[in-house]
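These notes are about the structure you will find just below.
We did not get these values from a lab; they are worked out from the coordinates using the rules stated. Note that the structure is a prediction, hence the values are computed from the model and not measured. Heads up, the Cβs are rebuilt from the backbone with ideal geometry, glycines too, and the neighbour counts pull from every protein chain shown.
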2 protein chains.
Amino acid sequence: MTRAWAAGLDMGGTNIRCAAVSASGDVLLMEHGPSHASRQAAAVAENIAAQLTHLLDTARRRGLGSPRAIGVAVPGPLNVYSGTVMQAPHVGAWRGYSLRRKLEALIGRMVVVENDANAWALGECWRGAARGRRDVVLLTLGTGVGGGLIVGGKLVHGRSGMAGELGHVTVDPDGPRCDCGSNGCLESYASASGLRGLVEQRLGLSPGAPLPAQIIDSGGNFSVRGLSAQARRGDKLALEAFATAGYYLGIAIASFLNIFNPELVVIGGGVAGAIPYMRKTMMTQVRERAFTAIASQAKIVRAALGPRGGVVGAAYAALHPPTRS
Amino acid sequence: MTRAWAAGLDMGGTNIRCAAVSASGDVLLMEHGPSHASRQAAAVAENIAAQLTHLLDTARRRGLGSPRAIGVAVPGPLNVYSGTVMQAPHVGAWRGYSLRRKLEALIGRMVVVENDANAWALGECWRGAARGRRDVVLLTLGTGVGGGLIVGGKLVHGRSGMAGELGHVTVDPDGPRCDCGSNGCLESYASASGLRGLVEQRLGLSPGAPLPAQIIDSGGNFSVRGLSAQARRGDKLALEAFATAGYYLGIAIASFLNIFNPELVVIGGGVAGAIPYMRKTMMTQVRERAFTAIASQAKIVRAALGPRGGVVGAAYAALHPPTRS
């Protein structure tokens with residue numbers, strides 16, 4: 001008898017990760033591929049289906065048999081019941097796109113579609129930093145800021161699965177424009193795009209103008225890793241940008257503490273590596289703004305699953321499909 | 001056979017409401033009394049116990065028999081499992097006060113203690129504006145701002161029952177001082193004390209200085225009703241204060257929408273009567289800041305239970321005592 005497992009796919013802006021995950025959360029097999037996120041809506045979905053089909057073939061060849069369920073994690077708010085992606089500006093220009101129906105037609109099997117940060121939160125509760133915790137706020141600090149909420153041991157979906165957009169709470173009503181159309185969102189500060197904006201503002205550059213060589217990567221794009229290296233060297237610009245991001249991150253976390261009274265705030269994503277440079281301003285705001293009785297019960301920790309978070313969580317979502325509560 | 005019912009008590013800063021509530025949510029009997037909130041911690045609790053005992057006596061005399069359960073709603077964050085009130089500056093100077101234990105000793109029966117806004121949220125879901133709804137954000141705009149969260153049909157308690165402090169999310173990091181010790185909280189604007197501060201600021205008055213006669217009540221205190229009457233007459237000061245409160249209320253509601261994807265936002269409390277003067281700025285911020293796909297699914301409505309919300313909800317909490325989920 002073959003082992004029970006689920007397929008989990010994590011759709012990023014650049015890469016796709018795709019894994020066979022056992023019913024107890026072990027990654028049995030992992031594959032990678034390009035996400036071709038700038039292609040048209042249907043082509044992006046077809047690429048996802050092809051990656052899944054490839055994983056299923058590999059799994060079969062390795063004697064794993066068929067998956068019990070298939071889960072796909074994608075960025076952007078989506079209706080988790082219908083599998084419709086509402087708004088994913090960076091991926092396939094999806095807007096009200098029936099991703100679930102498309103994937104099911106292509107693969108010929110049921111697919112569960114979940115928001116990527118929600119999936120990550122499920123993964124961290126299953127096998128990561130929040131194992132066994134029942135009240136958890138997860139923040140993913142990447143290109144943007146995502147969120148996943150676990151309340152009483154269950155993922156919060158809200159009316160249609162779009163809950164948890166923690167990157168889009170207002171932390172400063174007069175703050176910079178956000179990709180979502182609002183301004184002064186947490187994402188306008190504590191994300192790669194937010195940090196880039198803070199650097200541009202400090203250098204007096206217009207958005208998108210060329211940046212100093214130390215903070216761009218080999219592809220010419222803004223690099224949070226480069227900015228962290230500058231901060232490590234004591235560069236004032238880098239330290240100020242992280243201090244500002246930490247200040248607003250702390251304001252948002254204080255609000256989340258007062259709203260949720262969680263046991264744990266878990267922070268993941270590429271920008272989380274720079275937390276040492278954000279911690280001081282972040283913690284000052286948490287202490288000044290959250291109820292002491294609440295803050296003293298909550299730990300703020302780094303996510304443990306790293307790049308595996310999305311696929312493990314997508315597999316969990318597939319094995320425990322959302323039901324209208 | 002007597003009808004099954006629960007006792008629900010709502011502890012306000014000035015008055016106590018106390019009711020016998022049937023198992024289906026009908027108020028069978030209601031009593032009122034002073035809350036003597038400025039007395040010492042134990043004396044405030046003894047007064048609550050006396051009011052409950054009086055209600056139980058009246059109920060017995062009227063042939064209702066004994067209640068199946070007793071619920072008490074109090075302001076301020078509390079540990080709902082131990083019944084310890086963490087911080088209630090305006091009531092009995094409670095700070096880490098074991099209210100539940102004290103009341104149970106005085107009455108000789110089990111008592112469930114719940115936050116007043118949480119109780120109100122339960123009441124609105126049971127018999128009010130949110131009947132049958134499963135994802136609800138309740139805001140109580142009174143002297144301060146309270147909140148109650150229903151997710152998937154269940155009240156959100158968080159780790160120890162202190163979740164839902166929606167009045168203490170930051171809406172402007174540079175905003176005025178809040179009673180909680182932070183600054184720029186929603187409560188600093190969209191509450192009676194917040195509106196008073198906005199009026200003082202516009203008039204250049206120091207906090208607590210005498211206010212114009214039109215906006216004080218017979219007891220010499222700031223009156224939201226008086227400010228509303230001024231707004232109705234077209235008074236610029238009043239209209240501006242409400243416009244500012246509405247602006248920040250809208251910012252907070254937009255964040256709550258993006259966080260919770262609720263079906264309903266329910267607004268109650270004395271200041272809710274002034275929503276007509278806040279609606280324009282409030283709705284502009286909601287439209288500009290919340291995801292359209294989320295905002296279009298949510299209604300913002302007035303609470304339906306009014307002064308009965310707390311007692312009905314306290315009775316509900318007593319009949320469905322919180323369990324660590």
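Observations on the model:
- Of the trypsin sites (Lys or Arg not before Pro) found in segment B:47-155, those in coil by DSSP whose Cβ has at most 15 other Cβ atoms within 10 Å are B:R62, B:R68, B:R95, B:R109, B:R131.
- According to the Cα-based calculation, Rg over Rh for the protein assembly as shown is 1.01, with Rh computed by the Kirkwood formula.
- Of all DSSP beta bridges in segment A:132-303, antiparallel share, percent nearest 5: 55 percent
- Per-residue mean of foreign Cβ neighbours for A:255-267 is 6 (Cβ atoms of other chains, 10 Å radius).
- The other copies place their B:L29 label points at 7.0 nm from this one, listed shortest first, where each point is 7 Å from Cα along Cα→Cβ.
- Net charge contributed by nearby residues that have their C-beta within less than 12 Å of A:A274 (K/R +1, D/E -1): +4
- DSSP-defined beta bridges in chain B - what % are antiparallel, rounded to 5: 60 percent
- For B:V112, nonlocal amide neighbours, meaning residues 5 or more places apart or on other chains whose placed amide H falls under 5 Å from its own, are B:I70, B:G71, B:V72.
- For chain A, size of Cβ-based charge dipole, Lys and Arg +1, Asp and Glu -1, in debye: 720 debye
- 32 Å Cα-Cα threshold exceeded, pairs from A:K280/B:K299; A:K299/B:K154; A:K236/A:K299; A:K102/A:K154; B:K102/B:K154: A:K280/B:K299
- Ellipsoid equivalent to chain A - semi-axes via the Cα gyration tensor, in Å: 33, 23, 18
- Prolate/oblate/rounded call for segment A:152-212, Cα gyration tensor, a/c under 1.5 rounded: prolate
- Relative contact order of chain A, pairs being alpha-carbon contacts under 8 Å that are 6 or more residues apart, as %: 21 percent
- The helix-based estimate of mean residue ellipticity at 222 nm for chain A, built from -39,500 (n - 2.57) per DSSP H run of four or more residues and divided by its residue count, is -11500 deg cm²/dmol to the nearest 500.
- Estimated dipole of segment A:172-242 in Debye, rounded to 20 [Cβ of Lys and Arg +1, of Asp and Glu -1, Cα centre]: 300 debye
- Per residue, the convex hull volume that the Cα atoms of segment A:203-325 enclose (Å³): 167 Å³
- Computed over segment A:132-303, Cα set: Rg, Dmax in Å: 16.0, 47
- Counting Cβ atoms of other protein chains within 10 Å of each Cβ in A:290-302 and taking the mean gives 4.
- Net dipole in debye of the protein assembly as shown [+1 Lys, Arg Cβ; -1 Asp, Glu Cβ; about Cα centre; nearest 20]: 1260 debye
- Peptides B:234-241, A:169-176, A:71-78, ordered by how many other C-beta atoms sit within 10 Å of their residues on average, highest first, read A:71-78, A:169-176, B:234-241.
- Candidates B:E187, B:E31, B:E114: whichever shows maximal mean-square fluctuation once chain B is modelled as a Gaussian network with Cα springs under 10 Å: B:E31
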